[in-house]
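Novice: Before anything else, here's the structure in question.
The values are calculated or read from the model by the stated rules, or taken from the named source; none is laboratory data. Source: prediction; values computed, not measured. Here the Cβ positions follow ideal geometry from the backbone for every residue, glycine too, while neighbour counts run over all protein chains shown.
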């Protein structure tokens, strides 16, 4: 059953395009045929944590909702008000769908593919105009989805060949509107960057670079601070373009010293080739930087780290006091590195405590300290290096709030991490008797029952096999041997997190370290009880969905 339909407002007429001297640019080609309400929605759709998302409407099924959105796009400007109502719904539902897919839900995976297929069909049918392509890219980006190449290609074609009925106009109105985003975001450059990055998600890198350059030319400090986020963008071409623009701007306009410090913090997170580009920008900025202003850092109350869940996801969060208010700085890390980070500001003590309780209830969490937080971040940033995706810009906000200096990637292997943990233990805690006991004890750990494999590759392997025992044997022989490095790292990182909790005397970090050492070795898998339990739990999860 569909939810009640929101009463429609009369659709405003399109604002007449303003004439400008010279050739119109691609931004105006995209924007000038966009309905005023639709443009307003774009300019006001800040990230969900700001609480500005409107009331939700539409179908409960995400594929149906996306189909309804595409149909509204195809009907043209007369349905812009309907499209406005669907934007927030889509972001929230697509985000939930991604979470389910990451958890190994095959139904969610199928719906995601169905949505991508719907989008490809709409692109092939030329039913999406340039504004629709831009908004669709923003929806997908805000939900954490990959913006497909087909959408980017369609946007590139739209930029190269705008419809013949478009009048010549400049992009100044668009740039002016985007500059207002800084005020809507409360002067938070990290929020401004998130907004701009998602808005430009469907644009080719060259177009993004040109728009960011125009924004920097507006000489608004918060925009320059936000533009620095593009230096961590996965696309090296866009990052270089913005770095060069910031360097050139520094020769004309004084630079806040905090921006220079921010770039210094970011530098170790980039590949060496991009570090050289950033060094040039930093040198140019220092020549015209204002004197540094030292602000008091928030006071740290407690630091927490979680063990890894079955997918390798883990979290850090730190409670802090800022004057009369409280805040939480948190980071989510995955096998590919730091995936998300944020600072949740201006909380009451009770609200902060509620969030901490909720986090503790979702996965085993232990207390740590600033040194433990730094080590975990360094290991995760090394994973960002390996995956080729720099950390998100909001990690800078977290690091600044914790008053940490530059964090360099830590490329330690699971074996090296474990060796460091076990180095100071007496022989009787690492001998064969202790190892055998560790293998037995770890099976009773709370988190061990959350460790299992899932995903399409596993399903393809198990579907033809009949019987639970046969499926477990298949995993042990044909699947888990290739996953030894992953599970060894799970043990190593989780042991490291638990090792930092001095209050948990019975923490199983030693058992985890010893078991992880065996997983990383050439010991046969059938002699490692934890790996057999992972296989059994994986089969159980697979069969529960049949």
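Novice: In this structure, is residue 135 assigned to a helix (DSSP H, G or I), crowded, with 20+ Cβ neighbours inside 10 Å and modelled with pLDDT under 90?
Specialist: Yes, satisfied.
Novice: Of all the helices (runs of 4 or more DSSP H) wholly in the range 181-274, which have at least 3 residues that are at pLDDT below 90 and either in contact with a helix residue (DSSP H, G or I) (Cβ under 6 Å, 6 or more places away or on another chain) or within 24 Å of residue 293 (Cα to Cα) (or both)?
Specialist: Those helices (runs of 4 or more DSSP H) span 181-184, 189-199, 205-216, 221-227.
Novice: Could you say whether any residue in the range 335-344 is in contact with a helix residue (DSSP H, G or I) (Cβ under 7 Å, 6 or more places away or on another chain), without any contact (Cβ under 8 Å) to a residue 60 or more places away in the chain and either on the phi > 0 side of the Ramachandran plot or not in a strand (DSSP E or B) (or both)?
Specialist: Taking every residue of the range 335-344 in turn, at least one turns out to be in contact with a helix residue (DSSP H, G or I) (Cβ under 7 Å, 6 or more places away or on another chain), without any contact (Cβ under 8 Å) to a residue 60 or more places away in the chain and either on the phi > 0 side of the Ramachandran plot or not in a strand (DSSP E or B) (or both).
Novice: Another one. What do you reckon, is residue 286 touching a residue at least 60 places away in the same chain (Cβ under 8 Å), under 23 Å from residue 405 (Cα atoms) and touching a helix residue (DSSP H, G or I) at 6+ places or on another chain (Cβ under 8 Å)?
Specialist: Taking the combined requirement at face value, the residue does not satisfy it.
Novice: Checking residue 482 against (1) surrounded by fewer than 19 Cβ atoms within 10 Å (Cβ to Cβ); (2) over 32 Å from the mean Cα position of the chain (by Cα): exactly one of these is not met. Which one?
Specialist: Residue 482 satisfies all of (1) surrounded by fewer than 19 Cβ atoms within 10 Å (Cβ to Cβ); (2) over 32 Å from the mean Cα position of the chain (by Cα) except (2).
Condition check ((1) at pLDDT below 95; (2) within 22 Å of residue 313 (Cβ to Cβ)) across all residues:
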| residue | (1), (2) |
| --- | --- |
| 365 | yes, yes |
| 376 | no, yes |
| 383 | no, yes |
| 396 | no, yes |
| 403 | yes, no |
| 408 | no, no |
| 412 | no, yes |
| 418 | no, yes |
| 424 | yes, no |
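Novice: Same structure again: Do the conditions hold for residue 309, that is, is it modelled with pLDDT under 95, out of contact with any strand residue (DSSP E or B) (no Cβ under 8 Å at 6 or more places or on another chain) and within 25 Å of residue 101 (Cα to Cα)?
Specialist: yes
Novice: Continuing with the same structure: Considering each residue of the range 394-411, count those that are out of contact with any helix residue (DSSP H, G or I) (no Cβ under 7 Å at 6 or more places or on another chain) and surrounded by 15 or more Cβ atoms within 10 Å (Cβ to Cβ), and give that number.
Specialist: Residues in the range 394-411 being out of contact with any helix residue (DSSP H, G or I) (no Cβ under 7 Å at 6 or more places or on another chain) and surrounded by 15 or more Cβ atoms within 10 Å (Cβ to Cβ): 4 in total.
Novice: Determine which member of the set 458, 404, 395, 421 is touching a strand residue (DSSP E or B) at 6+ places or on another chain (Cβ under 9 Å) and either farther than 14 Å from residue 514 by Cβ or part of a helix (DSSP H, G or I) (or both).
Specialist: After ruling out the rest, the residue left standing is 395.
Novice: Residue check, residue 470 against (1) more than 16 Å from residue 310 (Cβ to Cβ); (2) surrounded by 16 or more Cβ atoms within 10 Å (Cβ to Cβ), all met but one. Which one?
Specialist: Failed condition: (2).
Novice: When you go through 356, 365, 322, 331 one by one, which is the residue that is closer than 26 Å to residue 104 by Cβ, more than 19 Å from the chain's Cα centre (by Cα) and touching a residue at least 12 places away in the same chain (Cβ under 8 Å)?
Specialist: Result: 365 is the single residue among 356, 365, 322, 331 that is closer than 26 Å to residue 104 by Cβ, more than 19 Å from the chain's Cα centre (by Cα) and touching a residue at least 12 places away in the same chain (Cβ under 8 Å).
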